[in-house]
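Taken together, the values in this text are just the output of simple stated rules run on the coordinates, not laboratory data. For clarity, every value in this text was computed on a predicted model and none was experimentally measured. For neighbour counting, all protein chains shown are included, and Cβ atoms are generated from backbone atoms with ideal geometry for every residue, glycine included.
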Amino acid sequence: MRRFIYFFETINRTQMGNNPLGVSKKHDAFDVVREYPVEGFTIMITGCTSGHGKVVARALYQSGATIIMACRSPWKMRKVEQELLEWYPQSTGQIKMLTLDLASFQLIRDARDAFAEMGLRIDVLINNAGVWKMSRYMTVDGYEYHKGVNYLGTYLFTRLMEEFINDQGRIVIVASSFHVGGTLGYDRVLDPRPVPFLLKLPNFIKRFVVSFRLYGTSKLALRYFTEEYQRRLLRNGKKHITVMSLHPGMMDTPILDLDELDRTEKFFTYPGQWLGLLLGRGVTKGASTATLLAAHPYIGRDELYEGQYFSSNHIAHWFRDDLDPGVARALYDDTERVVGQWLNLPKVTLVFGFGDNILV
Ligand SMILES: NC(=O)c1ccc[n+]([C@@H]2O[C@H](COP(=O)([O-])OP(=O)(O)OC[C@H]3O[C@@H](n4cnc5c(N)ncnc54)[C@H](OP(=O)(O)O)[C@@H]3O)[C@@H](O)[C@H]2O)c1
């Protein structure tokens, strides 16, 4: 029941907490940069070739930031670059490109090395790239795709980029309030078997529930990561970086990949899509929170924002308000073990209380 209420609040946008940044939920991304210009900032955004990330890139570039697009398709990046140059000729910012595929640890490492050669520093890293698939896919390293891309890929990339982030810099992680559907350790197989017409609806519901839970689990892990990573950065104390996560709201973007559904199954998705359009936030409004966290001058100067979760430009509640630091610690350590080789860490076998099953 609690899950249902939280889910409803998410759609209804009433799940906001306090508003220390003083920006109304009605502001869109372009209003935000009008109020807090980002001229001179260098901001890296992953997955900004479409949807939410693209609007964030537009707003920040328009306001004069240098944008580093970290995306998997060089062709799509060039297209976005052309659009930005055409639409905002007055911008004083620059556009740089980095090829990044979060579905492969090796390619993430390659992206880090390519970035090192560019000799740039970053003020803000926005981890926006994400997937939601209705069919079963695996990453090249053998992980379920939501977990591999949304969580493990983001974790590895963030850790690798840490050295390039300036003191007083920020890391913004685009999570989702659909973490409400997640449970650490959840990993079910999406059943791709064809079913007779009359059974299509129940089969579709099953697929949707499983994919919702897989997506939600990856976003839940990102929430834990945000808090634990912030704690460790503060403890480590070498430089001050603020880590925050956010829910942009329900937006009309191509995030839900329906590619492998047949016509009847696609038909069943229409009511959900209409509901999203009707009740969700438009993408420009949805993009305001990430833009605000990149631009607001208070962030970095006040510990109030450290490790926090935001929605609609406010600090938000999240479903697991009982976040257990022990679980966050174990998840972080387990993940570090999984990607340790790519972080150039010595091989360790962690015998931690929660063991492997957090990530199974
Ligand atoms: N839409 C919503 O209602 C909603 C709600 C809550 C949270 N979010 C989150 O918002 C973020 C942006 O999603 P969106 O709605 O804007 O969807 P989107 O338009 O599909 O954007 C996703 C971006 O991620 C990139 N991407 C996908 N797989 C990748 C990979 N393996 N490596 C690198 N980049 C990859 C995509 O690149 P390609 O163009 O090459 O595919 C695309 O640029 C996601 O993290 C999503 O979970 C969305």
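Ordering of 237-244, 26-33, 52-59 by packing is 52-59, 26-33, 237-244, highest average first (other Cβ atoms within 10 Å, averaged per residue).
For the range 2-342, the alpha-carbon coordinates run over 59, 42, 41 Å along the three principal axes, in decreasing order. The string of couplings for the range 159-165 from the Karplus curve (6.51, -1.76, 1.60, θ = phi - 60°) is 4, 6, 7, 3, 5, 9, 8 Hz, one whole number per residue in order, with x for Gly and Pro.
The C-alpha radius of gyration of the range 206-308, expressed as a fraction of 2.2 N^0.38 Å, stands at 1.39. Other residues with beta-carbon under 15 Å from the beta-carbon of residue 108 carry, at +1 per Lys or Arg and -1 per Asp or Glu, a net charge of -2. Between residue 266 and residue 107, full extension at 0.36 nm per residue minus the direct alpha carbon distance yields a gain of 54.0 nm. Counting beta carbons within 10 Å around each of 68, 126 and listing the fewest first gives the order 68, 126.
Only Cα pairs within less than 10 Å get springs; with that Gaussian network setup on the chain, which residue of 276, 216, 130 has the largest fluctuation? Of the options given, 276 has the highest mean-square fluctuation.
If you bin all the Cα-Cα distances of the range 88-144 at 5 Å, starting from zero, the percentages per bin are 4, 13, 19, 21, 17, 11, 9, 5, 2, 0. The phi torsions of the range 142-157, fed into the Karplus equation with coefficients 6.51, -1.76 and 1.60 and a -60° offset, translate into couplings of x, 9, 3, 4, 5, 5, x, 7, 5, 9, 4, x, 5, 4, 4, 4 Hz, rounded to whole numbers, with Gly and Pro shown as x. Under the convention that each Lys and Arg Cβ holds +1 and each Asp and Glu Cβ holds -1, the size of the dipole of the range 2-342 around its Cα centre is about 640 debye. Amide H to amide H, with H built 1.01 Å from N, residue 129 comes under 5 Å of 46, 47, counting only residues 5 or more places away or on other chains.
At an R0 of 25 angstrom, the distance between the Cβ atoms of residue 252 and residue 73 translates into a FRET efficiency of 0.75. Please state, rounded to one decimal and in Å, the Kirkwood hydrodynamic radius that the range 44-101 gives when every pair of distinct Cα atoms enters the mean of 1/r. It works out to 10.8 Å.
Relative contact order, whole percent, for the chain stands at 23, derived from Cα pairs under 8 Å and 6 or more residues apart.
Under 10 Å, Cα contacts only: if you run a Gaussian network model on the chain, which one of 127, 236, 313 comes out with the highest mean-square fluctuation? Fluctuation is largest for 236. Per-residue 3J(HN,Hα) values for the range 38-53, derived from phi via the Karplus relation 6.51 cos²θ - 1.76 cosθ + 1.60 with θ = phi - 60°, read 10, 4, x, 6, 10, 10, 9, 10, 8, x, 10, 8, 7, x, 4, x Hz in sequence order (x marks Gly and Pro). Remark on the range 126-251: Rg and Dmax equal 16.9, 61 Å (Cα only). Once the other residues with Cβ under 14 Å from the Cβ of residue 34 are scored (Lys, Arg +1; Asp, Glu -1), what is the net sum? Every neighbour counted, the sum reads -2.
DSSP beta bridges fully contained in the range 2-342 are about 10 percent antiparallel. Dividing the summed helix terms, -39500 (n - 2.57) for each DSSP H run of n ≥ 4, by the number of residues in the chain produces a 222 nm estimate of -13500 deg cm²/dmol to the nearest 500.
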